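The values are calculated or read from the model by the stated rules, or taken from the named source; none is laboratory data. From a predicted model like this one, the values you see are computed outputs, not experimental measurements. With ideal geometry, Cβ positions are generated from the backbone for all residues, glycine too; neighbour counts draw on all protein chains shown.
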Ligand code: FAD
Ligand code: 2HG
Ligand code: ZN
């Protein structure tokens, strides 16, 4: 029997977290060991669910002494397998989902201090009840946690106005790999006292420590909104349109998502209750959202002015503006349904890339061409946060093709897409992270010096390599 499954180890863990903090029953463990898409499956000795920072620290200290590897987990909505343990059954999953306290709201400082297990939607709700806005917004917001958002530096649909999780964070509290607690919960907008350590942990995917709490920025609540669904002739038109709307509306532009007809077709086929808002089929669409803090801001008029100028310029083919909140929600449903819908079409090979915004059209044109030349008939589901230069360039098998035969091409497909990303000086992971799916690709497509510096940081903070092994860096790297 290994130490991690010995009665003594389990007794000591239980003495820290109590029986409510321990999951050992295989049936109850299952949901912690498989990801949302069923793409990654692992095994674990135990699932441990501490209730506060001191308990996290005591568990980490014990694992450090016993040389047991830890896999931090929040809502388990990550798309790269970062929160799933390996197959050995020797790792411990440390779930933060019991740490759900909102510790403080400071309206005058425009900050909220929350624990890592707070679900994003609950954080948004708490901010709203305080008359403020916490702007991070993504499809998984009903299940993902602040800890996971920080550990992946999550992006989503409001980054073009408010920034990603890194930009929304003023301070964090972290349990280090040896169990010490770093209290970096400073709500300061200015602090030039040396290296800004919080940024090492944000985006580190659980490989440097356990994030237990954070001080996050709040913004003025918005009280008016206008949402449009727009058909476009091309990605070039989308880039010109975004630039035009920004020029007119400035910071009122809070969302600009682009998606291909293929993406919409998958949603129309697989998401119940959806309908095409326009009467004719067009190659590209954008979902555009304006918001203002003033309750009667003339946003619909502004959007109409922008869109009629765009019609005249040939940038827009057709458009519909939502006339109430439920219509707006239905339009967002078309966008947010793409991930789920693509799952119904067999394996989806996900590539979460970014290039400079101006290069999106050329990237799409050249990559589509290269892929179709090598793998005729593959269905390219490209969509995403193009205001940030971030495309989800996901590939589904040709109609009628065999799943296994298609998956056999995964590396070759990835190679084409990442080579093209590199040609545009882009990134192979814009917002989802590396997890266990992309460490090898990162070594191939990232500057070796950056990998060397990252490894040096990992060795310094986690010399025994017990924090989420095999993530960000492949186990053998
Ligand atoms: P998990 O999946 O549990 O963990 C993710 C990583 O963080 C793992 O490496 C884990 O070890 C680590 N981790 C978790 N908690 C901690 C902690 N407290 N301390 C240290 N490490 C920790 N992502 C985007 O960026 N933008 C999107 O628009 C977006 N849309 C999505 C839509 C859908 C339908 C789905 C399923 C996912 C989407 N995601 C998106 C991906 C995912 O939701 C985010 O990465 C989210 O931030 C993960 O949060 P989580 O709590 O589920 O983390
Ligand atoms: C989104 O923007 C998410 O919808 C998920 O980042 C993307 O499933 C995907 O590839
Ligand atoms: Zn996304």
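All but one of (1) closer than 25 Å to residue 166 by Cβ; (2) within 16 Å of ligand 1 (Cβ to nearest atom); (3) more than 21 Å from the chain's Cα centre (by Cα) hold for residue 475; state the number of the condition that does not hold.
(1)
Can you pull out the residues in the range 131-154 that are surrounded by fewer than 17 Cβ atoms within 10 Å (Cβ to Cβ) and over 16 Å from the mean Cα position of the chain (by Cα)?
Residue satisfying the conditions is 131 alone.
Hey, among the residues in the range 337-362 that are away from ligand 3 (no atom under 16 Å from the Cβ) and in contact with a helix residue (DSSP H, G or I) (Cβ under 8 Å, 6 or more places away or on another chain), which one's farthest from residue 267 (Cα to Cα)?
358
Identify, by number, the condition in (1) at negative phi; (2) buried (at least 22 other Cβ atoms within 10 Å of the Cβ); (3) within 16 Å of ligand 3 (Cβ to nearest atom) that residue 161 doesn't meet.
(2)
Scanning the range 1-16 for residues that are at pLDDT 95 or above and exposed (fewer than 13 other Cβ atoms within 10 Å of the Cβ), which turns out farthest from the chain's Cα centre (by Cα)?
Here the residue is 8.
Return the residues of the range 121-141 that are farther than 21 Å from residue 352 by Cα, within 16 Å of ligand 1 (Cβ to nearest atom) and not in a loop (DSSP other than H, G, I, E, B); say none if nothing qualifies.
Matches in the range 121-141: 121, 122, 123, 124.
Mind checking whether some residue in the range 200-216 is touching a helix residue (DSSP H, G or I) at 6+ places or on another chain (Cβ under 7 Å), within 16 Å of ligand 3 (Cβ to nearest atom) and either in contact (Cβ under 8 Å) with a residue 40 or more places away in the chain or under 30 Å from residue 391 (Cα atoms) (or both)?
yes
If I filter the range 409-417 for residues that are more than 14 Å from ligand 1 (Cβ to nearest atom) and closer than 22 Å to residue 240 by Cα, do I get at least one hit?
No, the range 409-417 contains no residue that is more than 14 Å from ligand 1 (Cβ to nearest atom) and closer than 22 Å to residue 240 by Cα.
Has the range 90-103 got at least one residue that is touching a helix residue (DSSP H, G or I) at 6+ places or on another chain (Cβ under 6 Å), surrounded by fewer than 23 Cβ atoms within 10 Å (Cβ to Cβ) and either more than 30 Å from residue 294 (Cβ to Cβ) or in contact (Cβ under 8 Å) with a residue 60 or more places away in the chain (or both)?
yes
Inside the range 152-164, can you point out the residues that are out of contact with any helix residue (DSSP H, G or I) (no Cβ under 7 Å at 6 or more places or on another chain) and part of a loop (DSSP other than H, G, I, E, B)?
Listed by number, the residues that qualify are 152, 157, 158, 163, 164.
Residues being free of Cβ contacts under 8 Å to residues at least 60 places away in the same chain and either touching a strand residue (DSSP E or B) at 6+ places or on another chain (Cβ under 6 Å) or within 10 Å of ligand 2 (Cβ to nearest atom) (or both): count how many of those fall in the range 369-389.
2
Can you go through 109, 67 and tell me which one is assigned by TED's automatic domain parsing to the domain that holds residue 212 and more than 16 Å from ligand 2 (Cβ to nearest atom)?
Unique residue meeting the criteria: 109.
For the range 17-35, enumerate the residues that are more than 19 Å from residue 115 (Cα to Cα) and surrounded by 19 or more Cβ atoms within 10 Å (Cβ to Cβ).
23, 32, 33, 35
Counting only residues that are buried (at least 21 other Cβ atoms within 10 Å of the Cβ), give me the strands (runs of 3 or more DSSP E) lying completely in the range 165-284 with at least 1 of them.
Result: 169-175, 210-217, 224-232, 253-260.
Kindly provide the set of residues from the range 428-440 that are surrounded by 19 or more Cβ atoms within 10 Å (Cβ to Cβ), on the phi < 0 side of the Ramachandran plot and either without any contact (Cβ under 8 Å) to a residue 40 or more places away in the chain or within 16 Å of ligand 3 (Cβ to nearest atom) (or both), ordered by number.
Passing the criteria: 428, 429, 430, 431, 432, 434, 437, 438, 439.
Please give the helices (runs of 4 or more DSSP H) falling wholly within the range 327-421 in which 3 or more residues are buried (at least 18 other Cβ atoms within 10 Å of the Cβ) and at pLDDT 95 or above.
338-343, 360-374
Among the residues that make up the range 423-437, is at least one of them modelled with pLDDT of 95 or more, touching a strand residue (DSSP E or B) at 6+ places or on another chain (Cβ under 8 Å) and either in a helix (DSSP H, G or I) or over 28 Å from residue 332 (Cα atoms) (or both)?
No - not one qualifying residue is present in the range 423-437.
Can you work out which of the residues in the range 290-315 that are in contact with a helix residue (DSSP H, G or I) (Cβ under 8 Å, 6 or more places away or on another chain) and not in a helix (DSSP H, G or I) is farthest from residue 243 (Cα to Cα)?
Checking each candidate, the answer is 297.
For the condition in a loop (DSSP other than H, G, I, E, B) and either in contact (Cβ under 8 Å) with a residue 40 or more places away in the chain or outside the structural domain of residue 169 (by TED's automatic domain parsing) (or both), what is the one hit in 16, 84?
That would be 84, the only listed residue that is in a loop (DSSP other than H, G, I, E, B) and either in contact (Cβ under 8 Å) with a residue 40 or more places away in the chain or outside the structural domain of residue 169 (by TED's automatic domain parsing) (or both).
Check whether at least one residue in the range 142-151 is under 25 Å from residue 207 (Cβ atoms), within 16 Å of ligand 3 (Cβ to nearest atom) and outside any helix (DSSP H, G or I), and report yes or no.
yes
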